[in-house]
Amino acid sequence: MQKTNLTRRKPQDLKIAIAGRNKAKLEAVRDALIAKLPESPLKSKTQNLPILIADSSDQESLDVVARSSKVVLSTVGPFLQYGKPLVDSCVRYGTDYVDSTGETTFIKDLIDSYEDAAIENKARIVPSCGFDSLPSDIGALLVANYFADLGKETASVRAVAIEVSGGVSGGTIHTAAGVIEGSSLSKLAKFSEPYLLLSKDDSSTRPDPGTLPVLQYNKDLQLYETVWVMATGNSAYVRRSWGLLNRGYGKKFKYSESLGASNIFAGLGVLIGVTGLFLALMFPPTRWLIKKLVPQGTNTTSEVELRKGKVLLKFVGLAEDGTKIIASYKMNVDPGYVGTGLMLAESAIGLVLDDKVLKAGRPENVGKFGVKDGGILTAASALGLVIVKRLKNAGVEIDIQ
């Protein structure tokens, strides 16, 4: 899906290539892309789309990809198993990188292994630029930037997923099962630490993030909130942005996420379902059965149905002086496949075509908190408001009121 977005969204002067292990499959992907494009100069160029053969087990092949690219976009998954060698190549060659990971443990590994080298080589390594965790990161940035324009510090941002519909990835379920399978309870608890993704040398004071009740009423949005399976990873990612941007959001900044429910019974249903799935994944027999029933890499939802999906996130922002605002992030497509492809493509293109704007760092272009030019970054700390503008131009409805 991200390949389709890249070819449709790319400017005429941007050169792209596709890479993978199997040349025949890559050629089939290229042919499928060509078939989807209308007759145009872009379609003619796509017929000559370069193919690079690379394998995560062959470091030299990954070096070739990194060495010949300004930015690399990866959807390899599970990233903890296959993703690190490509990042290694990008860090060594100072090549920018974006990916679709939702694996907090993978990001933590990158921070521990490559943060210093990526800063030194000015490689912008930006994981989680898809539905994990770009909308959350951008929503928090928008709220904090709005308050900063008013000379206020942000006290908190509470994100609520109002509506989420679309496809479910078998790969995502297998990734979750793999993390649980290879971890003790104490290790799983560590992965859930609120500030897990702060830089390894960051020892400054960290606000108590607090805890949300498993089911409560939200007066601002007039709905019930319950547990959200993406909350832990997204929240840790947003807190990393806060840390990387020198705590500019606010010294006592707090962030939380939940799933919205229209009534208390719907909220209870979600709570029971999420708890049941987690318990099923915890026990080897039921975990094996789930993995057997849901083959890795599968998606039974048709592309037509995916494009009927949608997502709406709302962010209730509170300033230290009590001022309150609400930001929103809406996509009228499935967020996990179509939406993630769009977000990845715009992030990668932004790092290349908006490079001068990013490096100039003018607040009206990147936001009040600036951006970083190297390191293990986040969408907000690498792209700032540049990605907001790009996504709006691509049809994403992003607003603040």
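The values are calculated or read from the model by the stated rules, or taken from the named source; none is laboratory data. Keep in mind the model is a prediction, meaning the values are calculated, not measured. Don't worry about glycine lacking a Cβ; one is built from the backbone with ideal geometry, like all the others, and counts go over all protein chains shown.
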Flagged in segment 228-251 as over 19 Å from the mean Cα position of the chain (by Cα), of a type outside the set (Ser, Thr, Tyr) and surrounded by 15 or more Cβ atoms within 10 Å (Cβ to Cβ), in numbering order, are 247, 248, 250
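Check every one of the strands (runs of 3 or more DSSP E) wholly within segment 228-342 and list those with 3 or more residues that are closer than 30 Å to residue 153 by Cα and among the aliphatic types (A, V, I, L, M).
Correct list: 310-319, 324-331.
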Out of (1) of a type outside the set (A, V, I, L, M, F, W, C); (2) touching a residue at least 60 places away in the same chain (Cβ under 8 Å); (3) crowded, with 21+ Cβ neighbours inside 10 Å, the one residue 390 does not meet is (2)
Subset of segment 129-154, residues within 24 Å of residue 363 (Cα to Cα) and assigned to a loop (DSSP other than H, G, I, E, B), comes to 129, 150, 151, 152, 153
State yes or no: is residue 26 surrounded by 11 or more Cβ atoms within 10 Å (Cβ to Cβ), outside any loop (DSSP other than H, G, I, E, B) and modelled with pLDDT of 90 or more? yes
| said: When you scan segment 96-118, do you find a residue that is in a loop (DSSP other than H, G, I, E, B) and among the basic types (Lys, Arg), even just one? | reply: no
Open item on the list: Among the residues that make up segment 344-361, is at least one of them assigned to a loop (DSSP other than H, G, I, E, B), touching a residue at least 12 places away in the same chain (Cβ under 8 Å) and crowded, with 23+ Cβ neighbours inside 10 Å?
Closed with: no
Sole miss for residue 335 among (1) buried (at least 23 other Cβ atoms within 10 Å of the Cβ); (2) out of contact with any Phe, Trp or Tyr (no Cβ under 8 Å at 6 or more places or on another chain) is condition (2)
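Output the residues belonging to segment 23-44 that are free of Cβ contacts under 8 Å to residues at least 12 places away in the same chain and closer than 26 Å to residue 61 by Cα.
24, 25, 28, 31, 32
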In segment 264-294, anything of a type in the set (Val, Ile, Thr), out of contact with any Ser or Thr (no Cβ under 6 Å at 6 or more places or on another chain) and surrounded by 12 or more Cβ atoms within 10 Å (Cβ to Cβ) is listed as 264, 274, 275, 286, 290, 294
Within segment 60-72, can one find any residue that is closer than 22 Å to residue 109 by Cα, outside the structural domain of residue 339 (by TED's automatic domain parsing) and loosely packed, with under 15 Cβ neighbours inside 10 Å?
yes
